[in-house]
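Each remark here refers to the structure printed beneath this line.
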Amino acid sequence: MRYFYSLLFFYTFSLQAQMTDVTFLVDMNTQAISPNGIHLAGSFQAWNPSTSMMSDNDADGVYELTLTLDQDSTYEYKFVNGNEWGSDESLFGSDCGTPVDGNRTLTTGLDSTMILDLVCFGSCDPCPAVAQTLTFKLDMSLETVSPFGVHVAGDFQGWEPSATELLDEDGDNVYEIT
């Protein structure tokens, strides 16, 4: 009986050692997010578009999900903006899509963890950097303005206190810069 339990332990341990934790990443910053969330569907979960919900843990527009998959295996998958077919990405004709159905593929190795490259939804590549315009406005009507002016500082300009001056161009004591 002791031999049986030793074999069972060894068999169970060897099965666990043949799994890989795979982290899937998708950048959704160029997409309007479905109220049903972002999901992952693939051959590893019977292609159900509502089973594997992804999360944006730090609110940066990058959704992720870690699944435990068999080592040394090939899988197909795609990202779904929602939880039903029709809101899934299509990679037909792209370098990273399969020729028959436009799915992404991955092959797990023998490592215990694997983090896939970050890709833009519906693309083989990372999302392009999105430049944003920001206007700073500061109402100084209840303050005495320094003869040196009104300035803003932040990591966007190296924290230099005198480098970015806000201006009151129309005399309403609201200083601004874009």
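Would you pick out the residues in the range 43-54 that are open to solvent by 80 Å² or more (accessible area, probe 1.4 Å) and either outside any loop (DSSP other than H, G, I, E, B) or small (Gly, Ala, Ser) (or both)? Steps first, please.
Quick first cut of the range 43-54, residues open to solvent by 80 Å² or more (accessible area, probe 1.4 Å) only: 46, 51, 53.
Across the range 43-54, the qualifying residues are ALA46, MET53.
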*Could we say that ASP70 is among the acidic types (Asp, Glu), over 20 Å from the mean Cα position of the chain (by Cα) and open to solvent by less than 80 Å² (accessible area, probe 1.4 Å) here?*
yes
*Given the conditions (1) within 25 Å of MET19 (Cα to Cα); (2) touching an Asp or Glu at 6+ places or on another chain (Cβ under 8 Å), and given that CYS120 satisfies all but one, which numbered condition is not satisfied?*
(1)
*asked:* Contact list please: Cβ distance under 7 Å, first residue in the range 22-38 and without any contact (Cβ under 8 Å) to a residue 24 or more places away in the chain, second residue of a type in the set (Val, Ile, Thr), pairs at least six apart or on different chains.
replied: none
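Consider ASN57 carefully, then state whether it is in contact with a strand residue (DSSP E or B) (Cβ under 8 Å, 6 or more places away or on another chain), of a type outside the set (Gly, Ala, Ser), part of a loop (DSSP other than H, G, I, E, B) and exposed (fewer than 11 other Cβ atoms within 10 Å of the Cβ). Step through it out loud before you land on a result.
Values: in contact with a strand residue (DSSP E or B) (Cβ under 8 Å, 6 or more places away or on another chain): yes; of a type outside the set (Gly, Ala, Ser): yes; part of a loop (DSSP other than H, G, I, E, B): yes; exposed (fewer than 11 other Cβ atoms within 10 Å of the Cβ): yes.
Against the criterion (in contact with a strand residue (DSSP E or B) (Cβ under 8 Å, 6 or more places away or on another chain), of a type outside the set (Gly, Ala, Ser), part of a loop (DSSP other than H, G, I, E, B) and exposed (fewer than 11 other Cβ atoms within 10 Å of the Cβ)), ASN57 qualifies.
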*Does the range 46-62 include one or more residues that are modelled with pLDDT of 95 or more and under 21 Å from GLY109 (Cβ atoms)?*
no
*Does LEU40 meet the test of being crowded, with 16+ Cβ neighbours inside 10 Å, more than 15 Å from the chain's Cα centre (by Cα) and either aliphatic (A, V, I, L, M) or part of a loop (DSSP other than H, G, I, E, B) (or both)?*
no
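The values are calculated or read from the model by the stated rules, or taken from the named source; none is laboratory data. Because the structure is a prediction, the values reported are computed rather than measured. Please note: Cβ atoms are built from the backbone with ideal geometry, for glycine as well, and neighbour counts cover all protein chains shown. Heads up: the accessible areas ignore ligands, DNA and RNA and are worked out on the full protein's heavy atoms, side chains in. Shrake-Rupley method; radii C 1.70, N 1.55, O 1.52, S 1.80 Å.
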